[in-house]
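Visitor: After the structure tokens below, expect a handful of questions from me.
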Amino acid sequence: MTAVSNLEKAINSGQFVATGELGPPKGADLTEFKENAEGMRNHVVACNITDNQTAIVRTSSIACGATLIQMGIEPIIQITVRDRNRICIQSDVLGAYALGIRNILCIAGDHQKFGNETGSKGVYDIDSIQLLKGLKDMRDEKKFMGGDEVEGDIDYFLGAVENPFADPFEYRVTRLEKKVRAGAKFIQTQCIFDLDRFERFMELVRERGLHKKIAILGGVTPIKSLGAAKYMKNNVSGITIPDALIDRMKGAEDKKAEGLTIAVETIQRLKEIEGVAGVHIMAIAWEEKVPEIVERAGIYPPPKL
């Protein structure tokens with residue numbers, strides 16, 4: 001087998017890790033994408049590249065992942081089942097591996113009705129848990145989903161996502177357990193604003209011993225404005241924002257500075273929760289602030305591998 005990913009090494013070291021998120025452009029010019037990646041280079045272990053996030057057409061996550069490889073930065077590519085059948089999925093994964101990509105985040109993908117091609121068909125040939133199991137078997141059993149043999153060795157690190165805030169609440173832990181059984185080794189969660197609810201989620205996770213089987217990276221998003229906070233609270237499914245946080249943003253003289261401070265405080269609190277292995281920082285259209293957040297939160301520099 002080839003060497004494991006740096007993300008896997010960092011997680012296995014037991015050190016608190018940070019990953020960042022990069023959104024590909026809506027065109028073929030990767031200049032800004034590369035600038036944002038360069039800014040995160042020394043502050044995160046790996047950069048997660050979204051795959052047509054919110055069903056809006058963007059440059060391929062695999063192409064962007066290959067670009068990061070050329071830059072010497074470790075990517076985590078997303079693979080959605082919304083856009084691909086199992087033939088395409090397996091082909092893309094092999095191609096990504098051939099390009100040097102070692103981390104794969106398996107997700108369903110936002111429904112196409114939310115994007116800019118609302119007339120497109122959602123594929124959903126398999127679901128995200130079947131995707132995990134299929135890729136695990138490709139890696140470990142040397143078998144494609146249809147049963148044929150995979151030629152040569154592949155050794156990628158598989159992850160998934162989980163939303164601790166969606167209902168029914170108890171089912172989220174059951175779903176996490178299914179993803180663990182299917183092969184996920186790390187989880188990136190939905191944005192965490194309601195820390196009390198997240199702590200209850202982690203209590204249930206620890207009751208089942210799942211924190212010892214998978215690395216949970218808490219999702220952290222800095223809020224730019226009061227309007228953004230209200231919009232997420234009222235319009236984004238699966239995100240819970242307490243009224244106290246809204247009031248705090250409302251009373252802040254400098255809303256952006258307050259949003260950054262809240263993100264820093266969130267990370268510091270997550271560090272104290274048993275079973276949280278790190279954070280995934282999603283500074284949407286604010287990527288240049290990731291280094292500041294990481295440094296202020298006391299998780300700089302990244303683990304030495």
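Visitor: Being of a type in the set (A, V, I, L, M), under 21 Å from residue 105 (Cβ atoms) and part of a loop (DSSP other than H, G, I, E, B) is the filter here, so list the residues in the stretch 19-53 that pass it. Walk me through it before giving the result.
Guide: Initially, the stretch 19-53 is screened for residues of a type in the set (A, V, I, L, M), giving 22, 28, 30, 37, 40, 44-46, 49.
Retained after the next criterion (residues that are under 21 Å from residue 105 (Cβ atoms)): 22, 30, 37, 40, 44-46, 49.
Residues satisfying the conditions are 30, 44, 45.
For every residue, the table says whether it meets (1) acidic (Asp, Glu); (2) touching a strand residue (DSSP E or B) at 6+ places or on another chain (Cβ under 9 Å); (3) within 15 Å of residue 41 (Cα to Cα).
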site: 252; (1), (2), (3): no, no, no
site: 270; (1), (2), (3): no, yes, no
site: 285; (1), (2), (3): no, no, no
site: 301; (1), (2), (3): no, no, yes
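Yes/no per residue for (1) surrounded by fewer than 19 Cβ atoms within 10 Å (Cβ to Cβ); (2) in contact with a Lys or Arg (Cβ under 9 Å, 6 or more places away or on another chain):
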{"residue": "36", "(1), (2)": "no, no"}
{"residue": "71", "(1), (2)": "yes, yes"}
{"residue": "74", "(1), (2)": "no, yes"}
{"residue": "81", "(1), (2)": "no, no"}
{"residue": "144", "(1), (2)": "yes, yes"}
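Visitor: Residue under question is residue 55, and the condition is that it be among the aliphatic types (A, V, I, L, M) and closer than 14 Å to residue 96 by Cβ; does it hold?
Guide: Working: among the aliphatic types (A, V, I, L, M): yes; closer than 14 Å to residue 96 by Cβ: no.
The answer is no for residue 55.
Visitor: Could you pull out the residue among 217, 210 that is surrounded by fewer than 20 Cβ atoms within 10 Å (Cβ to Cβ) and modelled with pLDDT of 95 or more?
Guide: Numbers: 217 fails: surrounded by fewer than 20 Cβ atoms within 10 Å (Cβ to Cβ).
Among 217, 210, only 210 is surrounded by fewer than 20 Cβ atoms within 10 Å (Cβ to Cβ) and modelled with pLDDT of 95 or more.
Visitor: Going by the structure shown, is residue 93 surrounded by fewer than 18 Cβ atoms within 10 Å (Cβ to Cβ) and either touching a strand residue (DSSP E or B) at 6+ places or on another chain (Cβ under 7 Å) or of a type outside the set (Asp, Glu) (or both)? Lay out the reasoning, then the answer.
Guide: Details: surrounded by fewer than 18 Cβ atoms within 10 Å (Cβ to Cβ): no; either touching a strand residue (DSSP E or B) at 6+ places or on another chain (Cβ under 7 Å) or of a type outside the set (Asp, Glu) (or both): yes.
For residue 93, the condition - surrounded by fewer than 18 Cβ atoms within 10 Å (Cβ to Cβ) and either touching a strand residue (DSSP E or B) at 6+ places or on another chain (Cβ under 7 Å) or of a type outside the set (Asp, Glu) (or both) - is not met.
Visitor: Is it the case that residue 137 is charged (D, E, K, R), outside any helix (DSSP H, G or I), modelled with pLDDT of 95 or more and within 25 Å of residue 187 (Cβ to Cβ)?
Guide: Values: charged (D, E, K, R): yes; outside any helix (DSSP H, G or I): no; modelled with pLDDT of 95 or more: yes; within 25 Å of residue 187 (Cβ to Cβ): yes.
Considered against the rule, which asks whether it is charged (D, E, K, R), outside any helix (DSSP H, G or I), modelled with pLDDT of 95 or more and within 25 Å of residue 187 (Cβ to Cβ), residue 137 comes out as no.
Visitor: Right, here's the next one. Which is modelled with pLDDT of 95 or more, part of a strand (DSSP E or B) and not basic (Lys, Arg), of 78, 90, 70? It would help to see each step written out before you state the result.
Guide: Numbers: 90 fails: part of a strand (DSSP E or B); 70 fails: part of a strand (DSSP E or B).
Checking each option against the conditions leaves just 78.
Visitor: Just to be sure before I move on: is residue 166 of a type in the set (A, V, I, L, M, F, W, C), at pLDDT below 95, outside any helix (DSSP H, G or I) and farther than 26 Å from residue 293 by Cα in the structure I sent?
Guide: On the way: of a type in the set (A, V, I, L, M, F, W, C): yes; at pLDDT below 95: yes; outside any helix (DSSP H, G or I): yes; farther than 26 Å from residue 293 by Cα: yes.
Criteria met by residue 166.
Visitor: Taking interchain pairs and intrachain pairs at least six residues apart, which have beta carbon atoms under 9 angstrom, with the first residue in the stretch 140-152 and among the β-branched types (Val, Ile, Thr) and the second in a loop (DSSP other than H, G, I, E, B)?
Guide: As it stands, the answer is 150/141; 150/142; 150/144, since those pairs meet every condition given.
Visitor: Tell me whether the stretch 171-192 contains one or more residues that are under 25 Å from residue 269 (Cβ atoms) and in contact with a His (Cβ under 8 Å, 6 or more places away or on another chain).
Guide: yes
Visitor: Any residue at all in the stretch 106-115 that's surrounded by 22 or more Cβ atoms within 10 Å (Cβ to Cβ), at pLDDT 95 or above and not in a helix (DSSP H, G or I)?
Guide: Here is the first cut: in the stretch 106-115, the residues surrounded by 22 or more Cβ atoms within 10 Å (Cβ to Cβ) are 106, 109.
Still in the running and at pLDDT 95 or above: 106.
Among the residues that remain, those that are also not in a helix (DSSP H, G or I) are: 106.
Yes.
Visitor: Just one of 250, 304, 255 is charged (D, E, K, R) and within 15 Å of residue 18 (Cα to Cα); which is it? Give the derivation first.
Guide: Values: 250 fails: within 15 Å of residue 18 (Cα to Cα); 255 fails: within 15 Å of residue 18 (Cα to Cα).
Exactly one residue qualifies, and that residue is 304.
The values are calculated or read from the model by the stated rules, or taken from the named source; none is laboratory data. Owing to the predicted nature of the structure, the values given are computational and were not obtained by experimental measurement. A quick note on method: Cβ atoms are made from the backbone with ideal geometry, for glycine too, and the neighbour counts reach across all protein chains shown.
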